[in-house]
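Heads up, the thing below is written out as structure tokens.
The values are calculated or read from the model by the stated rules, or taken from the named source; none is laboratory data. Just so it is clear, the structure is predicted and the values come from calculations on it, not from any experiment. Here the Cβ is made from the backbone with ideal geometry for all residues, glycine too, and neighbour counts use every protein chain on show. Remember, those area values only see protein heavy atoms, side chains included, never the ligands or the DNA or RNA. Shrake-Rupley method; radii C 1.70, N 1.55, O 1.52, S 1.80 Å.
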Amino acid sequence: MRPVILSILLFATFGSFAQSQPCSYTIDSVKILNNQNLKALVDSLQTTQLTTLNNKNNIPKFLKHTLNCWTGDFDIANPNQPFQATDVVRWRVKPLPRRQLTYLGLNDHFMLLAYKQGGKGLSHHIIIFRYDNNKVVDFWTGYGGEFKSKEAVLNYLKNFKGNTQTGFIYL
């Protein structure tokens, strides 16, 4: 009986220290912080038609999986739906999402996502995915304003100088 218990404990220990599966696309922080791919993405998006689908359920499953992998849980509310806009948290059976969608544009190769994120201060984020056959090919993220259209996001990004004060990627 004792060897069985020891064996179970041994396997449980190894299992708890095992690495989780890596995300399907690895964020290149240096590339993003230096905006190395931003101009190419913006140029591509300017000539690309996106369909505005401002509903979180329209985020492609493989991209939602990627976002969940990076953040642990990429929870987001639809536009005009409640979300956790501040760091003051009221008790709820189901917590509010930390993000609120402001724009979602999609086609067969791009997703442009703009959203608000609550916390110690309200911030606005932009995420651009370029993909092919359900595989992420390129990715950029940054800060922005409360954008509600592709044109507004692209106009901002064409003049984007980068935020040199941030040394990390925060989704």
Among all residue pairs at least 6 apart or on different chains, which show Cβ distances below 7 Å where the first residue, located in the range 145-171, is on the phi > 0 side of the Ramachandran plot and the second is of a type outside the set (D, E, K, R) and modelled with pLDDT of 75 or more? Gly162/Asn35
Between Ile27, Ile76, which is open to solvent by less than 80 Å² (accessible area, probe 1.4 Å), within 18 Å of the chain's Cα centre (by Cα) and under 18 Å from Phe147 (Cβ atoms)? Ile76
Of Asp75, Asp108, the only residue that is acidic (Asp, Glu) and farther than 16 Å from Leu171 by Cα is Asp108
Does at least one position in the range 18-32 carry a residue that is more than 20 Å from Lys135 (Cα to Cα) and at pLDDT 70 or above? yes
Of the conditions (1) free of Cβ contacts under 8 Å to residues at least 40 places away in the same chain; (2) of a type outside the set (A, V, I, L, M, F, W, C); (3) open to solvent by 60 Å² or more (accessible area, probe 1.4 Å); (4) in a loop (DSSP other than H, G, I, E, B), Gln49 fails just one. Which one is it? (1)
Of the criteria (1) in a loop (DSSP other than H, G, I, E, B); (2) touching a residue at least 40 places away in the same chain (Cβ under 8 Å); (3) out of contact with any strand residue (DSSP E or B) (no Cβ under 6 Å at 6 or more places or on another chain); (4) at negative phi, which one Tyr25 fails: (3)
Would you be able to say whether some residue in the range 103-110 is within 15 Å of Leu53 (Cα to Cα), crowded, with 17+ Cβ neighbours inside 10 Å and touching a Phe, Trp or Tyr at 6+ places or on another chain (Cβ under 6 Å)? yes
